[in-house]
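What follows is a short report on a single structure.
The values are calculated or read from the model by the stated rules, or taken from the named source; none is laboratory data. Only a predicted model underlies this, so the values are computations on that prediction, with no experimental measurement involved. Using ideal geometry, Cβ is built from the backbone for each residue, glycine included, and neighbour counts are taken over all protein chains shown. All accessible areas refer to the heavy atoms of the entire protein, side chains included, with ligands and DNA or RNA removed. Shrake-Rupley method; radii C 1.70, N 1.55, O 1.52, S 1.80 Å.
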Amino acid sequence: MIRLGVLYPGHLDLNGDAANSLVLAKELAWRGVPCEVVSVTLTDAIPKDLDFLLVGHGSKAAWSEINLIGSHRGAELVEVLNSGVPTLAVNSGFEVLHLGSDRHGQLLGHIQTSFVATERVSKFWVEPFEGFEVLGYVNSDNDLPVISRHGNVIGTKLHGPVLAKNPKLLSLILEMILDRSGSVLPGNLNKNVATAIDGYVSEIWKLESELASE
């Protein structure tokens with residue numbers, strides 16, 4: 001059973017980014033791989049047996065409430081990520097993992113919630129990544145890369161949810177999840193399902209890539 005963790009979805013889902021876990025779950029189900037989505041609330045310990053973790057985007061107020069710095073939850077998060085759990089961190093989630101305090105040890109830098117604002121960028125964006133391109137919407141005032149990978153952690157400023165419109169990125173994360181358990185991504189999607197998805201994704205890319213070029 002593949003366990004897909006979503007960190008604090010009540011706080012870190014400002015642009016619907018928690019739906020990335022649902023995209024992963026649907027793809028696994030279509031391929032016959034049992035899985036479950038595990039919502040980690042503020043009162044929960046962060047499970048150590050996750051196969052994937054999503055750290056979504058939240059407001060500064062939401063991060064203040066989470067208050068990872070100075071709490072045992074920060075140490076738990078570092079422990080889970082340092083164990084090699086494949087992780088997708090979106091915008092402020094990416095920023096929190098990238099910057100800050102060394103209280104709990106280094107991970108993409110450190111964990112912190114003291115955001116440093118730059119000029120806000122709000123536009124559709126196409127970015128090269130690991131031999132392919134990814135598409136999404138940037139609405140950010142930090143100066144991090146649009147998307148980058150640090151070992152088992154992929155950080156991005158792209159909203160969407162990004163996995164719904166980027167099948168190659170989706171496949172990469174699925175491979176990371178299954179490689180860690182010594183498995184391979186089974187089979188192909190049903191032909192009708194695959195054709196429908198390709199059609200939807202093509203239409204999204206046609207529209208949004210044109211907007212990104214403006």
Return the distance in nm (one decimal) between the two label points of a simple spin-label model at LYS60 and ASN82, each offset 7 Å from Cα along Cα→Cβ. 3.0
Which of GLU76, GLU210 is most accessible, then next, and so on - probe 1.4 Å: GLU210, GLU76
Tell me which of VAL23, ASN188, ASN139 sits at the most positive position along the dipole axis of the chain, charges placed on C-beta atoms (Lys, Arg +1; Asp, Glu -1). ASN188
Full-stretch length increase - ARG120, ALA194 - with 0.36 nm per residue and alpha-carbon distance subtracted: 23.0 nm
Nitroxide proxy distance, nm - points 7 Å out along Cα→Cβ at HIS150 and THR43: 3.3
Exposed trypsin sites (Lys or Arg not before Pro) absent - longest run of the chain, DSSP non-H/G/I/E/B, at most 12 other C-beta within 10 Å: 121-214
Residue (of ALA75, PRO47, ALA164) at the positive-pole extreme of the chain, dipole from beta-carbon charges: PRO47
Taking only the alpha carbons of the chain, what extent do you get along each of the three principal axes, in Å, biggest first? 50, 44, 28
Å² of accessible area per residue within the chain, as computed with a 1.4 Å probe and no ligands counted: 46
Close Lys-Lys pairs in the chain, where close means Cα under 15 Å and separation is 8 or more or interchain: 4
In cubic angstrom per residue, the convex hull of the range 5-93 built on its Cα atoms measures 88
Roughly how compact is the range 124-214, stated as its Cα Rg over 2.2 N^0.38 Å to two decimals? 1.18
Cα extents of the range 1-48 per principal axis, largest first, Å, are 32, 26, 10
If amide hydrogens are placed 1.01 Å from N in the peptide plane, which non-local residues have theirs closer than 5 Å to the one on ASN15? HIS57
